[in-house]
Structure formats: structure tokens, C-alpha cells
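Just so you know, all these numbers are worked out from the coordinates, no wet-lab data involved. These figures come from a predicted structure and were not determined experimentally. Glycine also receives a Cβ, built like all others from the backbone with ideal geometry; neighbour counts cover every protein chain displayed.
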Amino acid sequence: MSEADFAQPPHFTHFETDPHSGEVRFEVSGYGQVMEGRAPAGTTRLALLLQFMGRHAPHDLCELPPSVLTAAQPIAPATAPAPAPLAEHERRYHDLVRTFAHAQIAACTYDVQTGRLELIGGGYFGEAGPEVPYVTSMAEVLAALDDSDRRRVQRATEEALRSGEVVSYHFRGALRGDTRPWYEVTCVAESGGRRVLGTLHNVTARHTAELALAQSEAKLRAVVDHTQDAITIKDRRGRFLLVNPRAAHALGRPAEQLLIGAEVEGIEENTWEQLRAVDEAVLRSGQPQTYELDWPMDGEVLSASVTEFPYWVGGQVQGTVCISHDITPQKKLERELRESAALLEKRVEERTRELEHFTLHDDLTGLPNRKLLMERLERAVQVQQSGGPGFAVLFLDFDRFKLINDSLGHAAGDELLIQIAQRLSRMVAASDMAARLAGDEFVVLINEVTDQQQAERYAAKLNEQFTRPFSLSGHILQVTVSIGLTSCNTPYASAHDALRDADIAMYRSKAQSRGSYLVFAPEMRERQVRLLDLHSELGQALRRGELRVHYQPVVSAHTGELRGVEALVRWQHPQHGLIPPADFIALAEEHGLIRELDLWVMRRACSELMQLPGEPLSLGLNLSARHFEQPGLTGHLRKILSDTGYPAHKLILELTERLLLTDDPLVPLMLKELQDAGIQVAIDDFGTGYSSLRYIQQFPLDLIKIDRYFTAAVVERPEIVRSIVELSHSLTLKVVAEGVETPAQLAALQALGCDYLQGYLFARPLPLPELRQWLEKAPPCAQRRTEPQP
């Protein structure tokens with residue numbers, strides 16, 4: 001059958017009643033078929049059933065149940081089958097009614113004039129069974145309905161009567177339990193508008209299913225329309241079947257236009273090619289595809305995670321469903337995390353390099369530290385051992401650095417170390433190394449040394465470099481450096497051995513003459529070992545009477561008259577002979593013996609000087625700052641003076657500048673006690689420029705002793721000595737210059753106005769018997785005065 005055949009719904013083309021037998025004959029046309037049949041006399045019920053069958057049957061009438069087909073067999077228009085016996089028609093009628101009842105379909109007849117309504121087949125309104133008609137009135141039925149349903153039934157009935165056409169509608173029936181059933185009615189007016197014939201189909205289940213489906217579709221549509229994901233459905237040819245708002249926005253077209261084939265603009269061709277390739281892969285394989293895509297939208301490029309999968313109908317892939325999720329924030333976060341990770345990695349690398357640098361470099365000066373020095377020095381040792389060039393280690397220690405630190409503060413000391421490091425860095429070649437070990441100790445490693453003179457020239461150059469003064473915190477500081485260096489010809493077994501020997505040579509250089517250098521010799525190591533032994537012997541030396549006191553004369557700078565002596569301790573070791581104080585005074589400080597040692601020297605000196613004829617000489621004694629750490633010093637001195645009979649006003653205690661810079665409140669109190677006891681106080685080794693005028697004015701002082709280093713340089717550089725003399729005289733303090741060794745120095749000091757002189761030019765430190773002889777043989781100008789030294 002063609003589609004045109006379906007345009008003609010089934011309808012009665014002819015029916016009549018035999019006047020003798022009452023048998024009904026009918027003919028039905030529709031859907032390209034012509035059917036005729038006969039029914040027993042009595043009603044038009046069969047005609048109503050066939051009308052329902054024609055309106056609601058499947059498109060192909062041949063698919064109707066056999067019971068229906070037996071009641072209405074297709075016939076050719078030109079010929080008709082022989083009438084069936086009446087019994088057969090009755091059987092077919094009953095089958096048809098039961099079939100309709102099973103399908104919950106009832107045939108109905110409404111008499112317009114009487115209002116009589118007769119229903120048969122559905123079993124809705126009677127209890128006698130589907131074959132017994134249920135008779136009621138239209139008014140009764142309408143009364144049981146809601147207003148809206150009542151009006152719907154009335155309007156449809158009126159429409160059928162007025163138009164003569166088939167009318168279909170739905171309405172809700174009377175309340176049955178908790179629900180109202182839904183019915184579908186198909187009716188047509190007949191017999192000149194006196195009757196309405198139709199079918200009544202209970203479609204409650206279908207309506208409920210349709211409602212559930214509609215609700216489900218509405219929910220799905222709400223999800224699809226309001227999700228932030230872009231969703232599209234396409235057929236096999238790529239035509240859009242569904243486009244949700246997010247997808248329409250991304251594609252730049254309204255969904256209505258996309259569904260009718262509008263093209264998407266503004267998308268690069270390679271992007272479309274990628275999408276088409278994915279479509280083809282999904283359609284071909286029937287497997288989902290997941291990928292990421294960059295998509296231009298709203299003036300920026302968004303990143304999307306796309307999942308595309310097939311949809312199936314009848315076992316065949318009919319198209320694709322595409323869901324795109326915006327992952328731009330995640331991608332941005334990923335990029336930020338990658339950038340942060342890269343930045344963090346860079347910072348970690350930088351920090352690692354910094355830590356490596358800090359591990360191998362001094363934090364204050366930035367110079368290589370001991371660890372890096374030892375690595376480089378070990379490499380130099382290995383090169384030398386393998387027949388390569390030699391090397392030299394220069395160990396530098398800056399003289400009086402502790403005094404600078406204590407005088408001007410640690411910040412000033414740190415600044416001095418930084419300036420020292422800067423000078424070293426400028427001097428050292430790239431192939432060599434300058435390192436800081438600790439405090440004011442620095443080491444210079446010279447590689448590829450071919451002869452010892454090369455290393456010594458380098459050391460001399462360093463000494464010269466550091467004769468230039470430093471400008472520090474408003475002070476001009478003169479700093480000297482003592483240098484010990486190794487011999488480039490010595491085959492060392494390890495870096496430790498080379499550094500040890502340079503250190504030993506440095507200490508010997510410092511002991512002999514500050515501001516100089518000394519090359520290591522093997523006997524220095526033996527002496528160092530001997531000094532270590534002295535640690536344990538020093539305490540015994542006091543008890544065994546091995547210490548001696550020597551006296552160095554102090555004379556007037558202008559008359560040469562003897563003004564007093566300075567007591568200096570010596571150690572007469574039974575095996576090692578006379579040991580100079582530079583070798584054991586530091587040991588006494590380190591081991592806490594210095595207070596006992598100082599008091600012993602004081603008692604011995606006072607006692608011995610009282611043995612000399614005439615007026616007692618003025619006595620200068622070095623006093624350690626350790627005596628000022630606890631009270632009681634003045635009491636010890638009074639006891640010694642009382643026991644020996646030595647006059648207090650003749651005693652001169654020589655203190656270091658460092659003591660005056662302490663914040664200990666005991667110091668000024670104890671100095672005041674000394675002044676009250678009549679004991680004089682001198683500042684020893686003055687001239688390094690670290691004491692301020694305030695400190696000198698604050699304490700009760702009597703003399704200033706110029707350090708021997710400035711005395712040695714007074715001929716070439718007299719400015720510092722002149723400043724010290726002028727400052728001291730302005731404060732009514734006398735000045736003593738130590739270390740006078742030449743007539744030129746004597747003349748310069750006399751010209752600058754020094755008051756007293758002390759040094760080898762006049763006499764070396766002498767034991768008491770030799771001092772007696774010196775006094776007896778001294779020229780008249782060196783004879784002592786009997787009045788006290790000012």
C-alpha cells in the first residue's frame with residue numbers, strides 16, 4: 001500500500017437491513033482496502049466495532065487479530081464472498097467483543113434525542129460481562145466528571161454532530177479509588193445526527209507512561225539545557241539532532257539554526273578535520289573516544305575535555321553523542337602549577353647552589369672556607385705528588401684584631417674582616433685561592449710555584465698591602481699581618497700537614513716581629529711540640545721556682561736619667577733553658593694561671609727592688625684584665641706592699657686598652673680603689689687608635705705607653721706618635737715610648753715631646769744582679785733620680 005492509501009481512514013460505504021430476515025449487510029472502505037460482511041438482525045453494534053477498528057487499527061488491517069479479520073474480510077471491489085451462515089457470524093461477533101474487552105476498548109452508542117448511552121465490550125460500567133451492553137445516560141456520565149473534563153466531552157460531541165467528521169479526544173473519567181482513569185474517545189455522528197457512534201479506550205496506563213516519559217524527558221531536558229557541559233547529538237551524516245544552550249553558545253549559532261543545517265563559522269579548518277576524524281572513528285568502531293580540544297569562544301581560547309560515543313538503534317550505530325566539559329580552569333591551574341613547579345625547581349636549584357656556596361664559603365666575607373680550602377689544597381698536594389708543580393700555603397693572622405673587636409665592637413670587627421677579604425680578593429689570581437678559616441685567620445693558596453722566592457715575594461707583597469690604613473667607623477686603623485708560609489720544595493703527604501706547618505710559621509712570625517713573614521722550618525714544629533709540653537709544666541714552674549723576673553730600665557727622653565724599670569717575667573726551664581714570655585704568657589691566660597703569675601711577679605719584683613740601695617725605683621708591672629673579673633685585687637696589692645715594704649706611689653700597673661672598653665661595672669670601681677691606694681695606672685701598648693677620648697677621660701690614668709710598632713715607624717711616619725703625645729699632654733698624662741732601638745728613633749721621639757723612653761738602645765731586660773752592674777756602670781745621665789717618677 002502507498003502512503004496515499006493511508007490518507008483514507010476506514011469508513012462505512014454501505015450497510016442495509018434485509019426487510020424479511022433483519023440481517024445487516026455492510027461495506028467498509030479505507031487504507032486501500034474494501035471489506036464487506038453480514039451481521040445478525042438486531043443492532044448496528046458490529047458496525048460500531050468496525051468503525052473503531054478502522055480508526056485505530058494498525059496501518060495494515062491484515063495485522064488485526066484473527067477474530068477481527070473473520071468479521072471483516074477484505075474483498076475485491078468487483079466480487080464478494082458468499083454470505084456466511086448466521087451462526088458463524090454470531091461466533092465472530094462474540095470473538096470480536098471479547099477481543100475489544102481484553103484490549104479495554106468499549107463500543108458506545110449515544111442517542112442524542114433520548115440521551116441514552118449504551119456501551120459494550122470494555123466491561124467498565126457493568127458486571128454482566130463484556131457481551132452484555134451497559135446502558136446509562138449521558139447526563140449521568142457527565143455529572144461524575146470534573147468541570148474541565150465535562151466541558152471537553154460536551155464540546156467534542158457537539159463538534160462530531162456539527163461536522164459529521166470523526167472526532168477524537170481525551171478526558172478523565174469518574175473518580176475510581178484514588179485516581180481518575182484516562183479515556184480516549186473516537187466518535188462520529190450517524191443517521192442524520194440522531195446518534196453518535198464511537199469507541200471508548202482506557203488509556204490510563206499509556207497516559208501514565210507518557211506522563212512519566214514526559215517528566216523524564218523534562219528532567220533530562222532541564223539537565224541538558226542547564227548543564228555547563230556542551231552536549232550535541234548528530235546523525236551519521238553529521239547533522240545536528242540536539243544542541244543544548246551551552247553547545248549553541250560555543251558553536252556561535254542558535255540551536256534552532258544549527259538543527260536546520262546552519263554552518264558554524266570562525267573555526268579553523270584543522271579543528272574541523274580533527275572533529276570529523278573523531279566522528280568517523282566513533283561511527284566506524286562503535287567505541288567512545290576521549291580527547292582534549294582548544295576552542296575559541298568569547299574572545300579567548302577555552303580548553304575542553306571531550307567524550308564522544310555512539311548511540312544505537314536496532315543494533316546499528318545511528319549517530320554520535322558528544323559531551324564537552326570546560327577544563328579551562330583546570331588547565332589554567334595546571335599551567336600555574338607547572339609554572340610554580342618550574343619556579344620552585346629553579347628556586348630549589350638556586351637555593352641548592354646557595355647552600356653549596358654557603359657550605360663552601362664564609363658567610364661574612366664570601367671567601368672560600370676551610371672545607372673548600374682543604375679540598376683545593378688536597379688537590380695541590382696530589383698534583384705535587386704526581387710530579388706536577390709545587391704550591392705554597394700562606395697563613396695570615398692580623399695583629400691586635402681582638403683589641404679592635406673589643407674596642408670598637410663586633411660590627412666594626414666584621415667590617416674590618418670584610419675589607420681585608422676584599423683586599424685579598426683583588427690580589428689573588430684566578431688560579432689561586434684566598435680563604436678565611438676563622439676569626440682573623442686567612443689562608444692564601446698559591447698554585448704552580450716554581451721557586452721559593454716566588455712565594456716569599458708574594459708574602460712581602462701582602463705585608464706591604466696591609467701597611468695601608470683602613471677607614472672604619474670613623475677611625476683610621478693601622479693593621480699589620482703576620483704571615484707564615486710553607487716551602488714549595490717540601491713534599492707534603494696531606495693538606496692537613498701543609499696547613500699545620502704554615503700555621504706554626506705564622507705564630508713564630510708573630511712572636512718575633514709583627515707585620516712580617518716567616519718561612520716554615522722543621523725546627524719550628526719541634527718548638528711547637530715543646531710548647532704543647534709546656535702546657536702541663538707551667539703550673540709546676542711556679543711551685544718549683546723556675547720563674548725569674550728581669551728588669552728593663554725606663555729613662556727620661558730629654559736628660560737620659562733613670563726614671564724606673566718595667567718588670568718582665570722569664571721562665572728558666574731545667575731542660576729548655578730560658579723561655580721568653582711570648583711562649584708561656586698566653587698559656588697562663590688560657591689555663592687560668594695568669595692571676596697567680598702576676599701576683600707572684602709583683603711580690604718578687606717589689607721584694608728584689610727593695611734590696612737595691614737608695615730610694616726604691618719606680619716599678620712598672622703588666623697586669624692581666626682577668627684581675628678585674630672579680631673584686632679583691634686592691635687587697636692583694638696592699639698585702640704585697642705591706643709585706644715587702646715597697647711604696648705604693650712607686651708602683652705602676654700597666655693595663656691594656658681593651659680593659660677600659662668593658663661594660664663591667666667592677667672596672668671603674670677597682671680603678672678608683674687603686675687610685676685611692678696611691679697606685680699609678682698606665683695604658684700599655686697605646687697607639688692602635690681604638691680607645692676614644694671619652695674612655696681616657698673617664699678613668700684615673702697617669703701614663704700612656706706607645707706601642708713598639710709605632711716607635712719603629714716614627715722616623716718615617718711620625719704623625720701617629722705626635723697625635724698620641726699631644727692628646728696625652730692635653731690630659732696631663734705622661735708618655736712612655738717602648739721599643740727604642742736606634743739613635744734616629746731617639747731623636748725623633750725627643751723632637752715629638754715624649755717624656756720617657758724604654759728599649760734596647762738603653763738596656764735589654766736584665767736580671768737583678770745584672771741590673772745592679774748596669775746601675776754601677778751607667779753613664780751619669782743614666783743615673784737614677786731619687787724622687788718619684790711623675
Given a Förster radius of 22 Å and the C-beta distance between D676 and T732 as r, what FRET efficiency does 1/(1 + (r/R0)^6) yield to the nearest 0.05? 0.70
Would you please give the FRET efficiency between A429 and T467, computed as 1/(1 + (r/R0)^6) with r the Cβ-Cβ distance and R0 = 25 Å, to the nearest 0.05? 0.70
Using a Förster radius of 51 Å, what is the FRET efficiency between H357 and A747 based on their Cβ-Cβ separation? Nearest 0.05, please. 0.40
So how do C187, C108 line up by other beta-carbon neighbours within 10 Å, fewest first? C108, C187
When a/c is below 1.5 the answer is rounded, else prolate if a/b is larger than b/c, else oblate, so apply that to region 530-782 with a ≥ b ≥ c taken from the square roots of the Cα gyration tensor eigenvalues. rounded
May I ask you to evaluate 6.51 cos²θ - 1.76 cosθ + 1.60, the Karplus curve with θ = phi - 60°, for each residue of region 706-712 and list the ³J(HN,Hα) values in order in whole Hz, giving x for glycine and proline? 6, 4, 4, 5, 6, 5, 5
From the backbone phi of region 372-383, what are the Karplus-calculated ³J(HN,Hα) couplings (6.51 cos²θ - 1.76 cosθ + 1.60, θ = phi - 60°) in whole Hz, Gly and Pro given as x? 5, 4, 5, 5, 5, 5, 4, 5, 5, 4, 5, 4
Stretched out fully, how many nm does the piece from E441 to L761 gain, at 0.36 nm a residue minus the Cα gap? 111.8 nm
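Give me H627, H226, H325 ranked fewest to most by other Cβ atoms within 10 Å of their Cβ, as a rough exposure proxy.
H226, H325, H627
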Under 5 Å between amide H atoms, partner at least 5 residues away or on a different chain: which partners does V112 have, H built in plane at 1.01 Å? R195, V196
Fewest Cβ neighbours within 10 Å first, please rank D755, D146 accordingly. D146, D755
Here region 578-584 yields Karplus 3J(HN,Hα) values (6.51, -1.76, 1.60; θ = phi - 60°; whole Hz; Gly and Pro given as x) of 6, 9, x, x, 4, 8, 9
Skipping prolines and chain starts, which residues have an amide H placed within reach, meaning under 5 Å, of the one on Y517, given they are 5 or more residues away or on another chain? I483
Quick one: length gained pulling Q419 to R457 fully straight, 0.36 nm per residue minus the C-alpha distance? 11.4 nm
Between S494 and E165, how many nm apart are label points set 7 Å from Cα along the C-beta direction? 11.8
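With respect to the cross-link table entries K510/K705; K346/K371; K510/K734; K234/K332; K672/K705, which display a Cα-Cα separation exceeding 24 Å?
Long pairs (Cα-Cα over 24 Å): K346/K371; K510/K734; K234/K332.
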Using 0.36 nm times the number of residues separating E269 and H410, minus their current alpha carbon distance, what extension gain do you get? 43.4 nm
List the residues whose amide H sits under 5 Å from the amide H of E566, counting only those 5 or more places along or on another chain, with H placed 1.01 Å from N in the peptide plane. Q552, V554, G620
